[in-house]
Ligand SMILES: [Zn+2]
């Protein structure tokens, strides 16, 4: 996979930066150039916004058959998470027994190695989520 | 718009066909369809090929020209077009042909669908299929194609009480149907215990909840309805189509348990056909996973939302019950050479409406429907067919 693509995605994958529509206030993650609710009205009004990294599990699975780059992690939990700002994303859930994961569980973002991409073996970093333990920690460094 | 009819169909065996190449398969299906339609090669005005990922599976792009060339049609200089839309490419190729004939652009069109998936290993093939999801925001985080459908299944279980047994009932039924289909990849019945005890792929989906990797091709010849009887004694009319899209990533959908693209494509097709779901006798729906069939029969309004599991468990979707769903065995048992899927689904409906269903014939089938998905539901295509009296 091309290296430029990897660099382009770093800000959002490292720092959970999304966009807020200046027209209707909707928050999107990953960032969008056009608001799905307002369309053309939103062009040029999409502002970057850092997300809290705190969210809730909407649904999940335990992955047993994994792509080669995730082979060492299996079985792992993959979930759709709704952030408290409203946007949803897909992420692994770590620091928990797969059998203990539940819909509705509160989770927070942490920064981890995701895997290696392509034959060049470029290391990919980004967010994973873990069950919320303490209060007041900065999710990006937890 | 003028009426459009299917006048010929043909397909290869589906399965792990190590001794057959992409070209072999595409040509076999095409020639069978042309023979079935009683047309001459020079009658063909255009060719549309549904193919998802020949570039990754066999390192060959531009397959529409190859199929025409090796079918001996190079000197006709036919317009040939490859159509891609994830798993829906065969159904989309059919839609392109339908539009071309309905508009008067072409008179006789061949639609093919083909995929050669087993030249690469299973892990590689799974990665290729996953590329129809969002590579930048899903798969890079560890999402696989089965994992995304498993996330839908888990939420469906949570919201509607759908059970593992109800999911398994889809696989058991479709293998029972597949056992009656001589071109199916799996022609053996399976038991509920086999599905429930199989190894997990992505919890709650096990090995038997997932359609296999397959090689195969399917082809259809279409022409304007007014000329159909000239070629064919039992033409089948393609009366309406509906196509819709949705967010590429599953997590951006309004509801993880409903595919809005299926809902909208279904509504558009039924509206154009002037029919309702209750008019459909036989349907081929996209059961790439067991949960997909449950969601499809709900989203197409064959059953109420949330009732897909119980309806399947109670046998309402079995052959010659309330509505016969996936009489071919579906993707699950017939196999899913991805590009061929939408075309193969249409062929099953044509056979049923012609009364050529053999042991799996739906009694007095008048109206049939196909439903085909791309990705995790970012594309959905619905076609509605009727027997021509
Ligand atoms: Zn907006």
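Things worth noting here:
- Scope the stretch A:18-33; condition touching a residue at least 60 places away in the same chain (Cβ under 8 Å) and within 10 Å of the ligand (Cβ to nearest atom); matching residues: A:26, A:27
- Which numbered condition residue B:115 misses (of (1) part of a helix (DSSP H, G or I); (2) under 21 Å from the mean Cα position of the chain (by Cα); (3) closer than 25 Å to residue B:13 by Cα): (1)
- Filter result for residue A:55 (near the ligand (Cβ under 9 Å from one of its atoms) and not in a helix (DSSP H, G or I)): no
- Residue satisfying condition, being in a loop (DSSP other than H, G, I, E, B) and under 21 Å from residue B:155 (Cα atoms), within set A:44, A:99, A:104: A:104
- Of the residues B:94, B:148, the single one that is buried (at least 20 other Cβ atoms within 10 Å of the Cβ), touching a helix residue (DSSP H, G or I) at 6+ places or on another chain (Cβ under 7 Å) and within 14 Å of chain A (Cβ to nearest Cβ) is B:148.
- Count of residues meeting criterion [crowded, with 16+ Cβ neighbours inside 10 Å and under 30 Å from residue B:356 (Cα atoms)] in the stretch B:42-72: 15
- Test: residue B:303 is in a helix (DSSP H, G or I) and either touching a helix residue (DSSP H, G or I) at 6+ places or on another chain (Cβ under 7 Å) or under 21 Å from residue B:88 (Cβ atoms) (or both): no
- Against the conditions (1) at pLDDT below 95; (2) surrounded by 17 or more Cβ atoms within 10 Å (Cβ to Cβ), residue B:256 satisfies every one except (1).
- Residue in the stretch A:76-91 that is under 21 Å from residue B:133 (Cβ atoms), assigned to a loop (DSSP other than H, G, I, E, B) and either within 8 Å of another protein chain (Cβ to nearest Cβ) or more than 13 Å from the chain's Cα centre (by Cα) (or both) present: no
- In the stretch B:136-145, the residues that are facing another protein chain (nearest Cβ under 7 Å) and either within 14 Å of residue B:202 (Cα to Cα) or in a helix (DSSP H, G or I) (or both): B:140, B:141, B:142, B:143, B:144
- For residue B:272, the requirement of being in a helix (DSSP H, G or I), surrounded by fewer than 24 Cβ atoms within 10 Å (Cβ to Cβ) and under 22 Å from the mean Cα position of the chain (by Cα) is met.
Rundown of residues vs (1) free of Cβ contacts under 8 Å to residues at least 12 places away in the same chain; (2) away from every other protein chain (no Cβ under 11 Å); (3) assigned to a loop (DSSP other than H, G, I, E, B), yes/no style:
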site	(1), (2), (3)
B:101	no, yes, no
B:120	no, yes, yes
B:126	no, no, no
B:134	no, no, yes
B:158	yes, no, no
B:166	no, yes, no
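- When the stretch A:39-51 is limited to residues that are more than 9 Å from the ligand (Cβ to nearest atom) and surrounded by 14 or more Cβ atoms within 10 Å (Cβ to Cβ), the one that is nearest to the chain's Cα centre (by Cα) turns out to be A:51.
- Residue match in the stretch A:37-45 (condition: touching a residue at least 40 places away in the same chain (Cβ under 8 Å) and within 13 Å of another protein chain (Cβ to nearest Cβ)): no
- Criterion applied to A:11, A:36 was being away from the ligand (no atom under 16 Å from the Cβ), outside the structural domain of residue A:103 (by TED's automatic domain parsing) and surrounded by fewer than 17 Cβ atoms within 10 Å (Cβ to Cβ), and the one residue passing it is A:11.
The values are calculated or read from the model by the stated rules, or taken from the named source; none is laboratory data. As the structure is a computational prediction, the values presented were derived from the model and not from experiment. In this analysis, Cβ positions are derived from the backbone assuming ideal geometry, glycine residues included, and neighbour counts consider all displayed protein chains.
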